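Undergrad: Sharing a structure with you now.
What follows is calculated from the coordinates using simple rules that are stated; it is not laboratory data. If you're wondering where the values come from, they're calculated on a predicted model, not measured in any experiment. Ideal geometry is used to build each Cβ from the backbone, glycine not excepted, and the neighbour counts take in all protein chains shown.
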Amino acid sequence: MEILTETELTYRKTEIIEKIKNGALFIYPTDTIYGIGCNALKAKAVQAVRKLKNRPDSPLSILVPSKEWIRQYCIITPKTEEWLQKLPGPYTLILPLKENNPLPKIVTGGIATIGIRIPHHWFQQIVVETNTPIITTSANKHGEPFMTKLENLDEDIQKGVEFMIYEGEKEGHPSTLINIEKEEVKRRS
């Protein structure tokens with residue numbers, strides 16, 4: 001696994017964006033914790049993330065390039081619009097998908113909703129420039145503590161990703177889940 005700083009990523013941005021588009025698995029920082037990502041439109045890459053995390057079928061969330069992407073592929077209600085105004089931020093909005101959405105079923109686990117994030121973090125600009133939804137799931141095996149620094153990254157996960165964008169220890173917690181349809185808010189620790 002290659003470790004890149006924000007500065008190194010900036011110098012190699014074209015190359016890294018191409019790797020992401022082609023389905024590379026990688027670890028990246030957000031406004032909350034570190035995530036494992038890949039191009040959410042590449043079913044093989046998504047399957048590799050599932051295998052790496054020992055997470056066979058539960059739904060995964062995505063980082064999206066824009067609010068416009070959300071409006072194009074998700075069913076939007078007035079309540080959803082209210083929440084969209086709070087983005088970017090430390091929230092994962094659970095939204096119903098339109099039938100014309102481009103996501104492979106392996107992303108959602110076959111259900112009709114998706115968790116969507118637009119983090120308040122510089123890495124979001126890479127998502128914008130990639131113009132592709134990116135899988136976002138904590139950088140740990142399912143059920144294990146999430147990664148906060150390089151020293152507590154699971155060895156198998158480290159071996160399973162191509163590169164990591166590292167910015168030092170994170171002291172955050174996973175994003176707050178907002179199920180807009182059910183009007184449920186779930187803070188994760």
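Undergrad: Filter the stretch 143-189 down to the residues that are of a type in the set (Lys, Arg) and surrounded by 15 or more Cβ atoms within 10 Å (Cβ to Cβ) and list them by number.
TA: Lys170
Undergrad: Could you list, in sequence order, all residues of the stretch 153-180 that are over 28 Å from Glu15 (Cβ atoms) and either part of a loop (DSSP other than H, G, I, E, B) or of a type outside the set (A, V, I, L, M) (or both)?
TA: Correct list: Glu171, Gly172, His173, Pro174, Ser175, Thr176, Asn179, Ile180.
Undergrad: Can you tell me which of (1) buried (at least 17 other Cβ atoms within 10 Å of the Cβ); (2) of a type outside the set (A, V, I, L, M); (3) outside any loop (DSSP other than H, G, I, E, B) is the one Thr32 doesn't meet?
TA: Here Thr32 clears every test but (3).
Undergrad: Still on this structure, I have one more. Take residues that are free of Cβ contacts under 8 Å to residues at least 60 places away in the same chain and farther than 22 Å from Ile16 by Cα and tell me which of the helices (runs of 4 or more DSSP H) falling wholly in the stretch 36-121 contain 3 or more.
TA: Fully inside the stretch 36-121 and qualifying: 67-73, 78-84.
Undergrad: Gln125 versus (1) within 30 Å of Tyr11 (Cβ to Cβ); (2) touching a residue at least 12 places away in the same chain (Cβ under 8 Å): which is the lone unmet condition?
TA: Among (1) within 30 Å of Tyr11 (Cβ to Cβ); (2) touching a residue at least 12 places away in the same chain (Cβ under 8 Å), Gln125 violates only (2).
Undergrad: Related question: Thr5 versus (1) farther than 21 Å from Glu171 by Cβ; (2) of a type outside the set (Phe, Trp, Tyr); (3) surrounded by fewer than 15 Cβ atoms within 10 Å (Cβ to Cβ); (4) touching a strand residue (DSSP E or B) at 6+ places or on another chain (Cβ under 8 Å): which is the lone unmet condition?
TA: Among (1) farther than 21 Å from Glu171 by Cβ; (2) of a type outside the set (Phe, Trp, Tyr); (3) surrounded by fewer than 15 Cβ atoms within 10 Å (Cβ to Cβ); (4) touching a strand residue (DSSP E or B) at 6+ places or on another chain (Cβ under 8 Å), the lone unmet condition for Thr5 is (1).
Undergrad: I need the full set of residues from the stretch 133-189 which are among the small types (Gly, Ala, Ser) and touching a helix residue (DSSP H, G or I) at 6+ places or on another chain (Cβ under 8 Å), in order please. I'd like the intermediate steps shown before the answer.
TA: Narrowing the stretch 133-189 to residues among the small types (Gly, Ala, Ser): 138-139, 143, 160, 168, 172, 175, 189.
Once the filter is applied, which keeps residues that are among the small types (Gly, Ala, Ser) and touching a helix residue (DSSP H, G or I) at 6+ places or on another chain (Cβ under 8 Å), the stretch 133-189 yields Ala139, Gly160.
Undergrad: I'm trying to understand the selection: among the residues of the stretch 46-74, which are more than 26 Å from Gly160 (Cβ to Cβ) and either surrounded by fewer than 16 Cβ atoms within 10 Å (Cβ to Cβ) or among the basic types (Lys, Arg) (or both)?
TA: Hits for the stretch 46-74 are Ser66, Lys67, Glu68, Arg71, Gln72.
Undergrad: In addition: From the residues in the stretch 124-152 that are within 18 Å of Lys21 (Cα to Cα) and in a helix (DSSP H, G or I), which one is farthest from the chain's Cα centre (by Cα)?
TA: Per the criteria, the residue is Glu129.
Undergrad: Something else: Quickly run through the stretch 113-131 and pick out the residues that are surrounded by fewer than 21 Cβ atoms within 10 Å (Cβ to Cβ) and in contact with a strand residue (DSSP E or B) (Cβ under 6 Å, 6 or more places away or on another chain).
TA: Thr113, Phe123
Undergrad: Just give me the residues in the stretch 83-101 being within 23 Å of Gln125 (Cα to Cα) and either exposed (fewer than 13 other Cβ atoms within 10 Å of the Cβ) or among the basic types (Lys, Arg) (or both), in sequence order.
TA: The answer is Gln85, Lys86.
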